[in-house]
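Just so it is clear, none of the values below were taken in a lab; they were calculated from the coordinates. Because the structure is predicted, anything quoted here is derived from the model rather than measured. Note that we place each Cβ from the backbone using ideal geometry, even for glycine, and neighbour counts take in every protein chain shown.
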Amino acid sequence: MSLTRDHFLPGNSPSELKRDPFLFRQFLRHVKDATLKEAERREDTWEFLLGVRGLPGDCKRFFKACASVSRAMVKLTGMQIDTEKLNRSLLDEMLEARATGDMQTAEQRCEKLCRAYYRHGLWDDLMRDAKDENVRIQLNQMRTKIERTLRKQTGRNWKPTVIPDQAESERRNKAEFFTVHSWLRWGRLGEPGLCFYSDKALTDLLDRLLESEKPNDSDNPTDYRKMRQRLGLRKFDYQHPLVTTAHRVAETGLIEITLREKGGDKKRRLSADDVCMLGGEQFYPILP
C-alpha cells in the first residue's frame, strides 16, 4: 500500500470516469481514450492530464478535483495509522517546524511519523516513497532507534499492529469516507458527484444520509464544509456550483437535488437504483 501514489477508487480511473454519462456529456468527451490510458500508466496521473494542451478549461478544473481525491485518500489512510487527524498532520507539523528552524520539534514529529509506519508494518512503503538518498539514510537510522525502543517495551515477540480493514475504517469515519468516495461521481447512472455541490447542498445531503453524525474533530455536527476543507477536497466550481440544494423526499428514502441550468433551476430525484454502500451498510436509498 503506497501512501503517495495516485489511488483510483472504484469507478474513478480516468477511463471509467469518461464512461460516466454525466461526465462524458459535460467535458470528458474532449479527451482522447489514448491520453487517458497513458495517464493511467503513470504515477502522476492527474498532473499529467493537467499538462495536456488543448483541453477545455472545464476538463482542467475537473482534473484538479480528481487530484484532490488522491490527496484526501492519503489523509484517510494516515488516519488509520494515527499519522493524520482531520485537522492535524504529523508530516505538515514536521515540515512547518523545519521551515521555522525548530529542529527539535521537527525531529520529534519525524520520529512519531516513522513509529506509526513501522508499528503498522508499512516501513517498506515509506522507504519506497522516499526518493532522496539522504532521506533514506536518515530513515534507516530512525528505524534502528525505533526497533531498539520497541524491543525494550515489548520484547522480541513484537508484531505489527493490525490496520483496520476497509469496512471498519469506513464505519469509523462515515462522513469522510462517503464524501471522498462520492466526490467525483454519484453511482453509475450519471448523476453529479459531490464536487459539483454547493456547501449547503453537501451539508443537506450528508445530514439526510448520515443523520447528522458528527464529523471527526468538528465541534459542529453539520460542519461538513470544514470537513471538506480539512480533507483538501477541491470543488469543480466554487462560485457557481451545479447542485444548489438537496433534500429528502417525504415518505421515501430518496433524495431530490436542485440543478442550476441555463434555462432555470431544475429538480431531479437521485435514482433508487443507484444503491450506495459504505462499511457494509446501505446509505442510499435511505432505509426506514
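Kirkwood hydrodynamic radius computed over region 84-154 comes to 12.8 Å, based on all pairs of distinct alpha carbons. Just PRO14, PRO241, PRO160 to compare: in a GNM of the chain, with alpha carbon springs under 10 Å, which one fluctuates most? Greatest mean-square fluctuation among the candidates belongs to PRO160. The mean of 1/r over all distinct Cα pairs in the chain, once inverted, gives the Kirkwood hydrodynamic radius of 20.9 Å. The convex hull defined by the C-alpha atoms of region 3-61 has an orientation-averaged projected area of 4.0 nm². A crude spin-label estimate for the pair GLN229 and MET103, with each label 7 Å from Cα along the Cβ direction, gives 3.5 nm. With both residues required to sit in the chain, DSSP beta bridges show an antiparallel share near 95%. Label-to-label distance for VAL135 and ARG53 is 3.1 nm, based on points extended 7 Å past Cα in the beta-carbon direction. For the peptides 171-177, 202-208, residues were scored by their other Cβ atoms within 10 Å and the scores averaged per peptide; the highest-first order is 202-208, 171-177.
When you filter the trypsin sites (Lys or Arg not before Pro) in region 48-135 for DSSP loop state and at most 13 other Cβ atoms inside 10 Å of their Cβ, you are left with ARG53, LYS131.
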